[in-house]
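Step one of this worksheet: look at the structure below.
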Amino acid sequence: MVESIARVRHIRVTPQKARRVVALIKGKQAQEALAILKFAPQAASEPIYKLVASAMANAQVKADKDGEYLDEQDLFVANAYVDEGTTLKRFQPRAQGRAFQIKKRTSHITVVLSTPAVAETADADKKKASK
């Protein structure tokens, strides 16, 4: 019954491109998500791979702290989302003395891993709150 969160902020990947990669791993088992990310051709898959691996390590540390046994096979990606970060604005010179604005977008990526028991209790709590 472990839930772990890992975040990376201000990563130099556009949110649109990162969301394509995050959609591949939502709901998957953590080990399977790592395998998918390892062979995904998108550039955003490398930082997301590191983020999922970090979330797995966070879960292991959290379980050790609580004195629980954690099998990494039980972990799955409960939630993963990408928020828009700050945008770096740069200018490129153009013809006749004009300037063209270039927006270098950044992302905040969050991955939540949990065991099935945690997910079931969270679903039960949501149902109770909605009644």
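The values are calculated or read from the model by the stated rules, or taken from the named source; none is laboratory data. None of the values given here were measured: they were computed from a predicted structure. Here the Cβ positions follow ideal geometry from the backbone for every residue, glycine too, while neighbour counts run over all protein chains shown.
Which residue, of 87, 106, is touching a residue at least 24 places away in the same chain (Cβ under 8 Å) and at negative phi?
Among 87, 106, only 106 is touching a residue at least 24 places away in the same chain (Cβ under 8 Å) and at negative phi.
Among the residues of region 34-46, is there at least one that is small (Gly, Ala, Ser) and surrounded by fewer than 11 Cβ atoms within 10 Å (Cβ to Cβ)?
no
Across region 1-19, what is the total count of residues that are out of contact with any helix residue (DSSP H, G or I) (no Cβ under 6 Å at 6 or more places or on another chain), closer than 16 Å to residue 55 by Cβ and crowded, with 20+ Cβ neighbours inside 10 Å?
Residues in region 1-19 being out of contact with any helix residue (DSSP H, G or I) (no Cβ under 6 Å at 6 or more places or on another chain), closer than 16 Å to residue 55 by Cβ and crowded, with 20+ Cβ neighbours inside 10 Å: 1 in total.
Need the failing condition index for residue 124 against (1) of a type outside the set (Asp, Glu); (2) under 20 Å from residue 26 (Cβ atoms); (3) at pLDDT below 95, just the number.
For residue 124, the failing item is (2).
Looking at 51, 70, which one is in a loop (DSSP other than H, G, I, E, B) and on the phi < 0 side of the Ramachandran plot?
That would be 70, the only listed residue that is in a loop (DSSP other than H, G, I, E, B) and on the phi < 0 side of the Ramachandran plot.
For region 20-36, enumerate the residues that are within 14 Å of residue 82 (Cβ to Cβ) and among the hydrophobic types (A, V, I, L, M, F, W, C).
21, 22, 23, 24, 25
Just one of 70, 51, 75 is closer than 20 Å to residue 106 by Cα and hydrophobic (A, V, I, L, M, F, W, C); which is it?
51
What is the residue count in region 20-40 for residues that are touching a strand residue (DSSP E or B) at 6+ places or on another chain (Cβ under 8 Å) and over 14 Å from residue 51 (Cα atoms)?
So the count comes out to 3.
Just checking, does region 92-110 include any residue being polar (S, T, N, Q) and farther than 30 Å from residue 14 by Cβ?
No, region 92-110 has no match at all.
Six or more apart or on different chains, Cβ atoms under 9 Å: show the pairs whose first residue is in region 1-24 and part of a strand (DSSP E or B) and modelled with pLDDT under 95 and whose second is surrounded by 19 or more Cβ atoms within 10 Å (Cβ to Cβ) and not hydrophobic (A, V, I, L, M, F, W, C).
Close Cβ pairs (under 9 Å, with a partner that is surrounded by 19 or more Cβ atoms within 10 Å (Cβ to Cβ) and not hydrophobic (A, V, I, L, M, F, W, C)) amount to 3/114; 3/115; 4/114.
Looking at region 86-109, can you tell me whether even one residue there is within 13 Å of residue 3 (Cβ to Cβ), surrounded by 13 or more Cβ atoms within 10 Å (Cβ to Cβ) and not small (Gly, Ala, Ser)?
No, that holds for no residue.
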